[in-house]
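The next block holds one structure in the form of structure tokens; read it before the comments.
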Amino acid sequence: MLDATPRKKLVEVRDLKMHFPIFAGILRRRVGEVKAVDGVTFDIYEGETLGLVGESGCGKSTCGRAVLRLYEVTEGSITIDGTDIADWSPEELRKMRPTMQMVFQDPQASLNPRMTVANIIGEPLDEHRALSKKERLDRIYELMDHVGLNRDFANRYPHEFSGGQRQRIGIARALALNPKFIVCDEPIAALDVSIQAQVVNLLEDLQNEFGLTYLFISHDLSMVRHIATRVAVMYLGKIAELAPREALYDEPLHPYTQALLSAVPEPDPALEAKTERIILKGDVPSPSNPPRGCNFCTRCPQVMDVCREVDPEFREVRPGRYVACHLYADTKSAAAPNAARSTRQPSEPLRE
Ligand SMILES: Nc1ncnc2c1ncn2[C@@H]1O[C@H](COP(=O)(O)OP(=O)(O)OP(=O)(O)O)[C@@H](O)[C@H]1O
Ligand SMILES: [Mg+2]
């Protein structure tokens, strides 16, 4: 989509950590922490969609919320449009809010049931813009047009709408202040399958029309393949792999990505019969007590001794392809190791 022109980084996240304290006992003493996001680094270029995928509980939502500074982050930097907001106070953040918005998974829960659609969409305008009554209503109507909601419904309440329409209300509200960057946290997961494509198409149309940049969080790998420019795969609070969409789906490098993609159902029965599923053993470890070394070492089909000792660096192993895995420790021009070769030592050169 953006390949020909030099791309501007709109969002730069460096070594971001979000740890939640765990308290226990009568004295509510701090006994540990949930390392929900444990050192993630990525960029999002202007106008692109970065897909963020991974199993339930791996830290996707926490990452999205932390990037928007809905939390007091534990560590790291978050630069949005040239400004590092990681340490900003609530008051400073308020000024930044129009630039960055969020669309939530469950429009039922995220919309105030006591407010009319017009007031839900108009609320950010009331807070950040000084508009006359007419200007405000015109803007609300304009936003309703953008997301395909009938203006006649402006005075109705959220419960009078279907799930898909409610998500449109949420999107209109997110658009009210002309944001540049929107975090979409599973925006279609709560919708009927028949409605999902409509909402995804709407998000794509709006992106083209307004040059929006998305962080699109989902556990639906097929949907992410459709919408994302690049994809980041998360496992237990860290990014295992980040790559342009086609590269990731055609030739996943990280053993975890390989396993995740092998589990996606293939619609073509001939291909489906040939597909080899990689079944991972064991459960995802607790984020309050992640394994030593690589956090995937307890389940990795290609685990080596070094993996149990040393946390692999997340690095660019080929242009635009980032992996945190000791299989790619040696060379920048690494090729994907054969999935069956689990005995290769990390010092062995990788095949071209
Ligand atoms: N406010 C919180 N306090 C304590 N722990 C939390 C908090 N929010 C999330 N966690 C924990 O952090 C981890 C990551 O949760 P998160 O919701 O980010 O995962 P997720 O990838 O979005 O999962 P899902 O796909 O189910 O939405 C989980 O172990 C969760 O229990
Ligand atoms: Mg989530």
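Just so it is clear, none of the values below were taken in a lab; they were calculated from the coordinates. Note that this is a predicted model, so its numbers are computed, not measured. So basically every Cβ, Gly included, is an ideal-geometry build from the backbone, and we count neighbours across all protein chains shown.
Listing for the model above:
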{"item": "Listed residue pairs exceeding 25 Å between alpha carbons, taken from Lys8/Lys95; Lys9/Lys35; Lys60/Lys274; Lys9/Lys60", "result": "Lys9/Lys35; Lys60/Lys274"}
{"item": "Global form of region 81-236, assessed from the alpha-carbon gyration tensor, a/c cut-off 1.5", "result": "oblate"}
{"item": "Separation of alpha-carbon centers, region 142-213 and region 40-56, rounded to whole Å", "result": "20 Å"}
{"item": "Theoretical ellipticity at 222 nm over the chain - DSSP helices of four or more residues, -39500 (n - 2.57) apiece, nearest 500", "result": "-8500 deg cm²/dmol"}
{"item": "Average Cα contact separation per residue, the chain, under 8 Å, 6 or more apart, as relative contact order %", "result": "17 percent"}
{"item": "Listed peptides 257-263, 64-70 by packing density, highest first (mean Cβ within 10 Å)", "result": "64-70, 257-263"}
{"item": "Cβ-based charge dipole, region 52-152, positive-most Cα from Ser89, Thr99, Ser61", "result": "Thr99"}
{"item": "Most mobile listed residue (Tyr235, Tyr328, Tyr141) in the chain, GNM with C-alpha springs under 10 Å", "result": "Tyr141"}
{"item": "Net dipole in debye of region 15-138 [+1 Lys, Arg Cβ; -1 Asp, Glu Cβ; about Cα centre; nearest 20]", "result": "660 debye"}
{"item": "Packing-based ranking, highest mean first, of 190-198, 304-312, 102-110, 209-217 given that Cβ atoms within 10 Å are counted", "result": "209-217, 102-110, 304-312, 190-198"}
{"item": "Qualifying aspartates and glutamates (Cα of each under 19 Å from Cα of Lys17; at least 8 residues distant if same chain)", "result": "Glu33, Asp38, Asp43, Glu55, Glu72, Glu75, Asp84, Asp87, Asp185, Glu241, Asp311, Glu313"}
{"item": "Local electrostatic count at Pro287 - Lys and Arg +1, Asp and Glu -1, tallied over other residues with Cβ under 13 Å", "result": "0"}
{"item": "Size-normalised alpha-carbon gyration radius of the chain, reference 2.2 N^0.38 Å", "result": "1.07"}
{"item": "Neighbourhood charge, 11 Å Cβ-Cβ cut-off, centred on Leu212 and excluding it, Lys, Arg +1 and Asp, Glu -1", "result": "-4"}
